[in-house]
Amino acid sequence: MSGGVTKFKKIIVAEDDSIVRLDIVEMLKDAGYDVASAVGNGEKAIELNETEKPDLIIMDIKMPKLNGLKASKIISQRHNVPILIVSAFNQSEYIEQAKDANIVGYIIKPISESQLLTAVEIALAQSVKMSALRQESNAAKEEVENRKLIEKAKGLLMTKMELDEEAAYQKLRKLSMNHHISMEKVAAKVIKQLTK
Ligand SMILES: [Mg+2]
């Protein structure tokens with residue numbers, strides 16, 4: 001592994017078994033990850049997610065105070081951070097309970113180094129892809145909203161100022177250029193003016 005080379009990926013580890021926790025932390029650090037913090041219960045994991053804004057959380061299921069699945073659900077409601085579950089073999093059934101949590105992988109204890117690092121790499125790669133997709137979809141939604149605004153403003157100009165479609169569009173365009181503001185902003189202003 002690329003020991004000592006930081007990968008600039010921040011990871012939080014939540015595992016109540018201190019030996020397993022230390023093991024995981026060491027494997028991650030050896031592989032060059034930045035382990036922001038390692039904690040022993042779900043509540044702490046939630047707190048740390050808020051303050052550390054990690055790229056990934058590695059979460060045990062059975063932990064005191066708040067179990068890993070409940071903590072995962074709460075964290076997923078707040079952020080899009082991917083969560084990798086580490087658990088004993090017989091706990092896989094519980095994963096069903098956390099379908100709406102952003103769980104991207106599941107590793108069974110005892111954990112080997114190659115198993116852990118592979119799962120971490122995949123989880124991080126997937127999360128980069130997912131956030132790119134989210135950005136694209138947000139941009140597409142914004143584009144649709146902008147077009148709707150422009151269409152609405154155009155329609156108002158056509159009816160209230162008795163312009164044809166082309167003239168209404170050109171009017172918006174001219175306002176946009178003259179005032180150095182975007183078409184959608186002009187459209188919003190026009191709508192506000194004409195619907196007073
Ligand atoms: Mg445990």
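The values are calculated or read from the model by the stated rules, or taken from the named source; none is laboratory data. All figures in this text were calculated on a predicted structure; none of them were measured in a lab. Cβ placement follows ideal geometry from the backbone for every residue including glycine, while neighbour counts extend to all protein chains displayed. Note: accessible area is taken over every heavy atom of the protein model, side chains too, but ligands, DNA and RNA are not part of it. Shrake-Rupley method; radii C 1.70, N 1.55, O 1.52, S 1.80 Å.
If you check Glu96 against the conditions, is it of a type in the set (Asp, Glu) and assigned by TED's automatic domain parsing to the domain that holds Thr51?
Working: of a type in the set (Asp, Glu): yes; assigned by TED's automatic domain parsing to the domain that holds Thr51: yes.
Answer is yes for this residue.
Quick check, is Lys148 in a helix (DSSP H, G or I), open to solvent by 80 Å² or more (accessible area, probe 1.4 Å) and closer than 30 Å to Glu15 by Cβ? Judged against the criteria, Lys148 is not a match.
Restricting to region 119-147, name every residue that is among the polar types (S, T, N, Q) and over 21 Å from the mean Cα position of the chain (by Cα). Explain how you work it out, then say what you get.
Let us first name the residues in region 119-147 that are among the polar types (S, T, N, Q), namely 126-127, 131, 135, 137-138, 146.
Correct list: Asn146 only.
Counting residues in region 115-129 that are open to solvent by 100 Å² or more (accessible area, probe 1.4 Å) and not assigned by TED's automatic domain parsing to the domain that holds Lys62 gives one or more.
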